[in-house]
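Visitor: Have a look at this one.
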Amino acid sequence: MQRITVLGATGSIGVSTLDVVARHPGRYAVYALSAHSRVEELAAQCVQFRPARAVVGTAAAADRLAALLRAAGVKTEVEWGEQALCSIASAPEVDSVMAAIVGAAGLAPTLAAARAGKKILLANKEALVMSGQLFMDAVRESGAVLLPIDSEHNAIFQSMPQFGGRVPAVREQAAGVAKILLTASGGPFLTRDVATLDAVTPEQACKHPNWSMGRKISVDSATMMNKGLEVIEAHWLFGAPADQIEVVIHPQSVIHSMVSYVDGSVLAQLGNPDMRTPIAHALAYPERIASGVAQLDLTQIATLQFEQPDFTRFPCLALAFDALRAGGTAPALLNAANEVAVQAFLDRKIGFRQIDRVIAQVVDTLPHGDAHSIDAVLAQDAAARAAAEACIAGLAA
Ligand code: NDP
Ligand code: MG
């Protein structure tokens, strides 16, 4: 029996994770679940999965959850706050941690899981983008096992049998690899007239052609910052320098990424676009379990297309490559500015094309430093958030 903590259980990835878990009742037991504010959804999950512990964002949310669970006769212990999140991620009772909180809020608990040597199922790419080397060092030092959930990185992982399937926890040149080919759907605005992008609404930006996801990552997919964050994520997970990572637009989202080798071989992983496939892969690794995803029917799909990304249409992609090349805390600045700008766009305070302008302004004006400690990273994260807020206030004025 594998005992699991799901961080961000009420989100898109969290719900898909519990869907797979529920298909294999004898195999997985849920130790703990977390949410931020969606208390009713979390209560329903507690009724179904009977975790020992549940964590929410505030004392008020904890009171509401506790009342709901009392009424339902469920004995789950209710806690709140970051310390509690770190505790359910690192408790000795836990074998595996699904890291599926969105954004920088996931850094502390994901790092706690890494330091405690857990099997980490990593969806929360922002945590790795922010902390890079520090996170990978924590994984290496504790002997944690790091399995990528992001569909592209899960595909790359499956296409790199030379690592025995284990993500290298030290930055090492992936032997024999010529290029990592990171596929991207291009999101909802791949072919839309660039001149009209300023006027798109949050609803349009969140309507992804192939994937159903949380709002933040949906906007990131529309700007292609998601792919930019994934380039940085691939750098850390697979030890590949920026020049070895290539983004390929593939609108069908059937090939989830590829690895091209020096002998001319290209290995790829294919599947229907449903996150339950990479989730099931990582949950059961190195075995295989059913995920509920339909088998891929290539004759139905018939056509797979590929093209190069347009960096003028998607300036966020260029900003992410620049941050990776700059190194140090530059990716943390980029990530923080992006989180603030995306939220401002979702709140209708800025237009879609102002997202990349805010990020560029923050990374251009703030000096980036050495990412020698988590405190240094968090200080840069806070500075970038303040600078982004000021920039947005200036745009609104
Ligand atoms: P969602 O927005 O759907 O869910 C986010 C989860 O995190 C919810 O459980 C939410 O709780 C919780 N949460 C939000 N803010 C906080 C906070 N400040 N502190 C603690 N918990 C918080 O996101 P997704 O599931 O789409 O994405 C989760 C992560 O997985 C992201 O990092 C994303 O980049 C990554 N990912 C997602 C994919 C997808 O298909 N969705 C694909 C690949 C990667 P509440 O519900 O109470 O708000
Ligand atoms: Mg992805």
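Visitor: Take the alpha carbon gyration tensor of the stretch 1-130, find the square roots of its eigenvalues, order them as a ≥ b ≥ c, and report rounded if a/c is under 1.5; if not, report prolate when a/b exceeds b/c, else oblate.
Guide: The shape class here is oblate.
Visitor: Give the residue from GLY187, ALA54, ALA384 lying farthest towards the positive end of the charge dipole for the chain; charges sit on Cβ (+1 for Lys and Arg, -1 for Asp and Glu) and the dipole is referred to the Cα centre.
Guide: About the Cα centre, the residue reaching furthest to the positive side is ALA54.
Visitor: For the stretch 306-397, what size does the Cα cloud have along each of its three principal axes, sorted from largest down, in whole Å?
Guide: That works out to 39, 34, 19 Å along the principal axes.
Visitor: Next question. About its Cα centre, what dipole magnitude does the stretch 1-61 give when the only charges are +1 on Lys and Arg Cβ and -1 on Asp and Glu Cβ, stated in debye to the nearest 20?
Guide: Working: 6 positive and 3 negative charges, 51 e Å.
Roughly 240 debye, rounded to the nearest 20.
Visitor: How many angstrom separate the Cα center of the stretch 211-245 from the Cα center of the stretch 265-338?
Guide: 7
Visitor: Taking a cut-off of 22 Å, what percent of all Cα-Cα pairs in the stretch 197-316 are separated by more than that?
Guide: The proportion of pairs with Cα distances above 22 Å equals 45 percent.
Visitor: Shifting gears a bit: I'd like the distance between the alpha-carbon centres of the stretch 354-397 and the stretch 181-209, rounded to an integer number of Å.
Guide: Cα centroid to Cα centroid, the span is 24 Å.
Visitor: With a 1.4 Å probe and all protein chains left in place, how much accessible area per residue does the chain have, in Å²?
Guide: Counting only protein heavy atoms, the per-residue value for the chain is 40 Å².
Visitor: Output the pairs from LYS125/LYS179; LYS118/LYS207; LYS179/LYS216; LYS119/LYS227; LYS125/LYS349 with a Cα-Cα distance over 32 Å in this structure; if there are none, say none. Please report the intermediate quantities before stating the final value.
Guide: Values: LYS125/LYS179 21 Å; LYS118/LYS207 35 Å; LYS179/LYS216 29 Å; LYS119/LYS227 25 Å; LYS125/LYS349 26 Å.
Violating the 32 Å Cα-Cα cut-off are LYS118/LYS207.
Visitor: Which is the longest part of the chain that has none of the trypsin sites (Lys or Arg not before Pro) sitting in a DSSP loop with at most 12 other Cβ atoms within 10 Å? Present the calculation step by step, with values, prior to reporting the outcome.
Guide: Numbers: sites that count: LYS75, ARG288, ARG348.
Counting only loop sites that pass the neighbour cut-off, the longest clear stretch is 76-287.
Visitor: In the chain, what % of DSSP beta bridges are antiparallel (nearest 5)?
Guide: Working: 10 of 39 bridges.
Just about 25 percent of them are antiparallel.
Visitor: Further question: Using the Kirkwood radius built from alpha carbon pairs, what does the Stokes-Einstein equation give as D for the stretch 146-260 at 4 °C and 1.567 mPa s, in µm² per second?
Guide: 87
Visitor: For q = 0.13 Å⁻¹, what log10 I(q)/I(0) does the stretch 1-57 give under the Debye formula with an equal point scatterer on each alpha carbon and no solvent?
Guide: -0.26
Visitor: Right, something else. Going by a ≥ b ≥ c, the root eigenvalues of the Cα gyration tensor, does the chain fall in the rounded group (a/c under 1.5), the prolate group (a/b larger than b/c) or the oblate group?
Guide: Judged from the Cα gyration tensor, the chain comes out rounded (a/c under 1.5).
Visitor: Continuing with this model, one more query. If you put +1 on each Lys and Arg Cβ and -1 on each Asp and Glu Cβ, how big is the dipole of the chain around its Cα centre, in Debye rounded to 20? Write down the numbers at each step before the final one.
Guide: Details: 31 positive and 38 negative charges, 184 e Å.
Roughly 880 debye, rounded to the nearest 20.
Visitor: Something else now. If contacts are Cα pairs under 8 angstrom and at least 6 residues apart, what is the relative contact order of the chain in percent?
Guide: Rounded, it is 14 percent for the chain.
Visitor: Go through the stretch 1-80 and name the chymotrypsin sites (Phe, Trp or Tyr not before Pro) that are in a DSSP coil and have 10 or fewer other Cβ atoms within 10 Å of their Cβ. Intermediate results must be reported in sequence, preceding the final value.
Guide: Working: sites: TYR28, TYR31, PHE49, TRP80; in loops: none.
Answer in residue order: no site qualifies.
The values are calculated or read from the model by the stated rules, or taken from the named source; none is laboratory data. Because the structure is predicted, anything quoted here is derived from the model rather than measured. Counting neighbours? That spans all protein chains shown, and the Cβs are built from the backbone with ideal geometry, glycine included. Please note that ligands, DNA and RNA were not included when accessible areas were found on the heavy atoms of the full protein model with its side chains. Shrake-Rupley method; radii C 1.70, N 1.55, O 1.52, S 1.80 Å.
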